[in-house]
Amino acid sequence: MLTYLIVIVVLALLFDFINGFHDTANAIATSISTRALSPRVAIAMAATLNFVGAMVSSKVAKTVGGSIANPAQIANGVEIVIAALLAAIIWNLLTWYLAIPSSSSHTLLGALAGAVIAGAGVNAVNWSGFTQIIIILILSPIIAFALGYLIMLLIKYIVIWSGNTSRSKLNRVFRTLQIISAGLLSYSHGGNDAQKAMGIIVFGLVAADVQTTLDVPLWVKISAALAMGLGTSIGGWKIIKTVSGKIVKIEPINGFASDLTSSLVIQFSTHIGKPLSTTHVISSAIIGTGSVMRFHEVQWGTVSRMLITWVITIPISIALAYSIYFLIFRLIF
């Protein structure tokens with residue numbers, strides 16, 4: 001059991017590390033694209049603020065740790081967590097290699113459900129809790145797109161009304177504002193995404209009878225926050241290039257609007273304790289703000305490929321985790 005717990009912690013922190021360069025790249029993509037921040041400064045700022053954000057709350061961790069299944073009622077919960085983490089890591093690395101901004105949240109939650117089905121049966125899944133999470137995951141990018149569109153429209157009318165239509169002056173002003181919005185987005189990302197790894201570790205701790213509640217120990221918080229911060233410091237240049245240049249041309253004005261929109265949506269979700277996909281939220285906000293600026297220049301081919309990946313991630317993660325559990329814990333052990 002001790003060996004299994006060590007494996008769970010290592011895999012969860014590895015997942016968080018990968019999440020750092022896979023998802024956090026999105027948080028700084030717009031500010032790097034518009035040269036509001038240099039890549040080195042942007043990554044350092046994101047790594048620091050992701051760590052700070054990860055230490056603030058634990059509501060999302062409790063949701064991840066207890067909403068999909070009750071770890072206290074599953075005899076082989078530690079094996080289930082190992083299979084889920086392996087599946088999530090494999091899919092994250094594959095989509096990173098292909099430069100597709102997929103969702104680490106969809107991956108982890110789908111993998112956990114698949115591993116629970118394989119290890120404890122379909123009835124062990126809390127389908128009510130799982131459905132609630134899926135609804136949030138589906139609605140959040142739609143809300144981000146609509147809110148981004150409205151915020152960009154509002155900013156556009158304010159700029160026109162004020163008479164400040166000088167492109168160079170606008171770029172200077174919004175590049176400065178982007179530094180603030182990119183920082184807020186990095187903080188927001190850490191507050192939601194790092195908690196998913198915390199939640200999966202807590203799931204394993206409860207399943208192993210190490211603790212009886214879903215409260216997140218301080219050492220888990222610090223470890224997950226550090227792992228995400230370190231992952232962020234590595235950067236995620238493949239994803240940054242896709243988000244910053246292959247969806248729509250990003251200028252300081254819509255870069256700021258995209259970051260602000262994403263921060264608002266993520267902060268609200270974290271406040272109510274619900275995990276969402278920061279990748280989907282940020283990408284949807286960029287599409288929404290970009291549609292106001294240059295609708296005809298949105299790369300809808302890239303958008304469609306992203307949407308396909310978003311749709312298939314959960315079912316693939318379920319199937320992958322199910323297969324890994326069956327292979328390791330049924331056939332090998």
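The values are calculated or read from the model by the stated rules, or taken from the named source; none is laboratory data. None of the values given here were measured: they were computed from a predicted structure. No Cβ is skipped: glycine too gets one built from the backbone with ideal geometry, and neighbour counts run over all protein chains shown.
Which of the residues spanning the stretch 251-276 are among the small types (Gly, Ala, Ser), assigned to a helix (DSSP H, G or I) and farther than 22 Å from residue 166 by Cα? I'd like the intermediate steps shown before the answer.
Filtering the stretch 251-276 for residues among the small types (Gly, Ala, Ser) gives 255, 257-258, 262-263, 269, 273.
Remaining after also requiring assigned to a helix (DSSP H, G or I): 255, 257-258, 262-263, 269.
Once the filter is applied, which keeps residues that are among the small types (Gly, Ala, Ser), assigned to a helix (DSSP H, G or I) and farther than 22 Å from residue 166 by Cα, the stretch 251-276 yields 262, 263, 269.
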Given (1) closer than 17 Å to residue 59 by Cα; (2) surrounded by 14 or more Cβ atoms within 10 Å (Cβ to Cβ), residue 213 misses just (2)
Please find, among 181, 168, the residue that is part of a helix (DSSP H, G or I), closer than 13 Å to residue 263 by Cα and of a type in the set (Ser, Thr, Tyr).
-> 181
Which ones in the stretch 142-165 are under 29 Å from the mean Cα position of the chain (by Cα) and either over 15 Å from residue 257 (Cα atoms) or not in a helix (DSSP H, G or I) (or both)?
-> 142
Going by the conditions given, is residue 113 at pLDDT 90 or above and in a helix (DSSP H, G or I)?
-> yes
May I ask you to list pairs of residues, at least six apart or on different chains, whose Cβ atoms are under 8 Å apart, with the first in the stretch 284-297 being more than 9 Å from residue 254 (Cα to Cα) and surrounded by fewer than 24 Cβ atoms within 10 Å (Cβ to Cβ) and the second being among the charged types (D, E, K, R) and at pLDDT below 85?
-> 294/249; 297/249
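I'd like the full set of residues that are assigned to a loop (DSSP other than H, G, I, E, B), surrounded by 24 or more Cβ atoms within 10 Å (Cβ to Cβ) and not hydrophobic (A, V, I, L, M, F, W, C), limited to the stretch 64-105.
Of the stretch 64-105, the ones assigned to a loop (DSSP other than H, G, I, E, B) are 67-70, 74-76, 98-103.
Subset that is surrounded by 24 or more Cβ atoms within 10 Å (Cβ to Cβ): 68-69, 101-103.
Selection gives 101, 102, 103.
Please verify whether the stretch 277-293 includes one or more residues that are within 19 Å of residue 56 (Cβ to Cβ), of a type in the set (S, T, N, Q) and assigned to a helix (DSSP H, G or I).
At the first step, the residues of the stretch 277-293 found to be within 19 Å of residue 56 (Cβ to Cβ) are 278, 281.
Retained after the next criterion (residues that are of a type in the set (S, T, N, Q)): 278.
Those left that are additionally assigned to a helix (DSSP H, G or I): 278.
Yes, that holds for at least one residue.
Among the listed residues 323, 277, 317, 262, identify the single one that is at pLDDT 90 or above and touching a Leu at 6+ places or on another chain (Cβ under 7 Å). Before the answer, list the steps.
Numbers: 323 fails: touching a Leu at 6+ places or on another chain (Cβ under 7 Å); 277 fails: at pLDDT 90 or above; 317 fails: touching a Leu at 6+ places or on another chain (Cβ under 7 Å).
Of the residues listed, the single one that is at pLDDT 90 or above and touching a Leu at 6+ places or on another chain (Cβ under 7 Å) is 262.
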When both residues are 6+ apart or on different chains and their Cβ atoms are under 7 Å apart, which pairs have a first residue that lies in the stretch 316-333 and is among the hydroxyl-bearing types (Ser, Thr, Tyr), and a second that is surrounded by fewer than 21 Cβ atoms within 10 Å (Cβ to Cβ) and part of a helix (DSSP H, G or I)?
-> 322/117
Checked pairs for the stretch 194-222, first charged (D, E, K, R), second surrounded by fewer than 24 Cβ atoms within 10 Å (Cβ to Cβ) and not in a loop (DSSP other than H, G, I, E, B), C-beta under 6 Å and 6 or more apart or across chains, list as 221/55
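Residue-wise test of (1) touching a Ser or Thr at 6+ places or on another chain (Cβ under 6 Å); (2) in contact (Cβ under 8 Å) with a residue 60 or more places away in the chain.
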{"residue": "103", "(1), (2)": "yes, yes"}
{"residue": "111", "(1), (2)": "yes, yes"}
{"residue": "119", "(1), (2)": "no, yes"}
{"residue": "123", "(1), (2)": "no, no"}
{"residue": "128", "(1), (2)": "no, no"}
{"residue": "131", "(1), (2)": "no, no"}
{"residue": "142", "(1), (2)": "no, yes"}
Take the residues in the stretch 148-178 that are modelled with pLDDT of 80 or more and basic (Lys, Arg), then tell me which one is surrounded by the fewest Cβ atoms within 10 Å (Cβ to Cβ).
-> 169
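Could you tell me which residue of the stretch 106-119 is surrounded by the most Cβ atoms within 10 Å (Cβ to Cβ), considering only residues that are more than 19 Å from the chain's Cα centre (by Cα) and under 11 Å from residue 320 (Cα atoms)?
From the stretch 106-119, those more than 19 Å from the chain's Cα centre (by Cα) are 114-119; that's our starting set.
This time we only want the ones that are under 11 Å from residue 320 (Cα atoms), so: 114-115, 118.
Values: 114: 27, 115: 34, 118: 26.
Taking the candidates together, the pick is 115.
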Report yes if residue 205 is surrounded by fewer than 23 Cβ atoms within 10 Å (Cβ to Cβ), of a type in the set (A, V, I, L, M) and in a helix (DSSP H, G or I), otherwise no.
-> no
